[in-house]
Amino acid sequence: MLRPVLSLGVMPLANALLDPNDLSRAEPRYPLDLVFCPRCTLVQITETVPPDALFREYLYFSSFSDTMLNHAKTLVDRLTAARGLNGRSLVIEIGSNDGYLLQYFAARGIPVLGIEPAENVAAVANSRGIPTRCAFFGRELAATLRGEGRGADVLLANNVLAHVADLNGVVEGIGHLLNAGGLAVIEVPYLRDMIDRCEFDTIYHEHLCYFSVTALQRLFERHSLVLADAERIPVHGGSLRLSVAHAADAGAGGRVAELLAEESAWGVDRLEAYAAFGHRAVEIKTSLVALMTALKQRGCRLAAYGAAAKGTVLLNYCRIGADVLDFVADRSPYKQGRLVPGVRVPISPPSRLIEERPDYTLLLSWNLIDEVLQQQAEYRRLGGQFIVPIPDVRIV
């Protein structure tokens, strides 16, 4: 029986940014409830939105984050050296976005193939010279690629598994597409970090599942794959980087055993580990709303930074809208001129922070805090301050 952990209410789709010409149309909204399965330890949401509604047109482009670009290049350097990749290798990435990662392999002369379901994003990748197939990945596409003589020496899937309803189909496809002796490198947000840091705003309809090493090991074992290594990395507020191979090619690494033991002690299979999460989310909401209300009553000008999915969740959960915020600043020109779903706050270029100098700016993309504070040094020099909501409400 699934056990409830947290209800965020009825929410719009987090990345369905609004065109000003479409404001008369009703926004689709769906329940957003987090639950826990004591039997398999998987934490998941209860509502599955059709993938076409979520991903066929997508407004998140990884290339607009310096943090993600640096993260990608570091990984490429590491894998190229460790795996001896060259012009005879093939690197395939599932959920390749605009080619932000594969571009670094391609620059080294290593053949690549991206798989990206968002038509607009895949078109951008192809225009940049990164071969990208616009499709959803699963066992059928893996079989098609195998039939074309394409197998992966390295297969990447960063921030993909949480987005798919047919987990078994995707993992089966990974196993089928991965060459003998090949390596799949998979990154997922880490359940423990989400719970321990109360990152409730990372819960949205695109993220169907929230993974522990315990749940992932069981998933891969069902498809004769071995979780050969696992490491904790700081990206996205805390993630896991997993190394996965065919059972014949590798055994479980020491870090996997360590993390499994840590999770057991933490209580990954017990509801008690999750019980305080919902209470802390309410406390953060109460503190943030109280602070924003007090600042507004004092006559302060307020804005926000980062029209990310987590920002949509936070603003809608806390009911912070255009009556409180003048605008949300974001670097992506694909988002500028649109409005945040639900609360309908307009999205503007970051230059507006300097032009209008709001007294306080709510940092919605708190996971990129170092990058944003560096980029907005001039705004801060002029007296602007940022409000950071997670894991505790504070002003910097």
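Tabulated results
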item	result
Selection within the range 89-118 - farther than 21 Å from residue 142 by Cβ and out of contact with any strand residue (DSSP E or B) (no Cβ under 6 Å at 6 or more places or on another chain)	98, 100, 103, 104, 107, 108, 109
Residue match in the range 67-89 (condition: closer than 23 Å to residue 205 by Cβ and of a type in the set (Gly, Ala, Ser))	no
The range 19-38 residues that are of a type in the set (Lys, Arg), paired with ones that are open to solvent by 50 Å² or more (accessible area, probe 1.4 Å) (beta carbon under 9 Å, 6 or more apart)	29/10
Of all residues making up the range 286-296, the number that are of a type outside the set (A, V, I, L, M, F, W, C) and closer than 19 Å to residue 384 by Cβ	1
Test: residue in the range 196-219 that is touching a helix residue (DSSP H, G or I) at 6+ places or on another chain (Cβ under 6 Å) and under 23 Å from residue 73 (Cα atoms)	no
Residue among 83, 128 that is open to solvent by 10 Å² or more (accessible area, probe 1.4 Å) and within 12 Å of residue 153 (Cβ to Cβ)	83
Enumeration of residues in the range 311-334 that are open to solvent by 10 Å² or more (accessible area, probe 1.4 Å) and modelled with pLDDT under 95	331, 333, 334
Residues being touching a Lys or Arg at 6+ places or on another chain (Cβ under 8 Å), within 20 Å of residue 208 (Cβ to Cβ) and open to solvent by 20 Å² or more (accessible area, probe 1.4 Å) - total across the range 142-175	2
Helices (runs of 4 or more DSSP H) contained entirely in the range 156-259, each with at least 2 residues that are among the small types (Gly, Ala, Ser)	167-177
Which listed residue is within 28 Å of residue 312 (Cα to Cα), at pLDDT 95 or above and not charged (D, E, K, R), from 13, 90, 8, 69	8
Among the candidates 342, 383, residue that is of a type outside the set (A, V, I, L, M, F, W, C) and more than 22 Å from residue 284 (Cβ to Cβ)	383
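The values are calculated or read from the model by the stated rules, or taken from the named source; none is laboratory data. What you are looking at is a predicted structure, and each value in this text was computed from that prediction instead of being measured. FYI the Cβ positions are ideal-geometry reconstructions off the backbone, even for glycines, and counts take in every protein chain you see. Note: accessible area is taken over every heavy atom of the protein model, side chains too, but ligands, DNA and RNA are not part of it. Shrake-Rupley method; radii C 1.70, N 1.55, O 1.52, S 1.80 Å.
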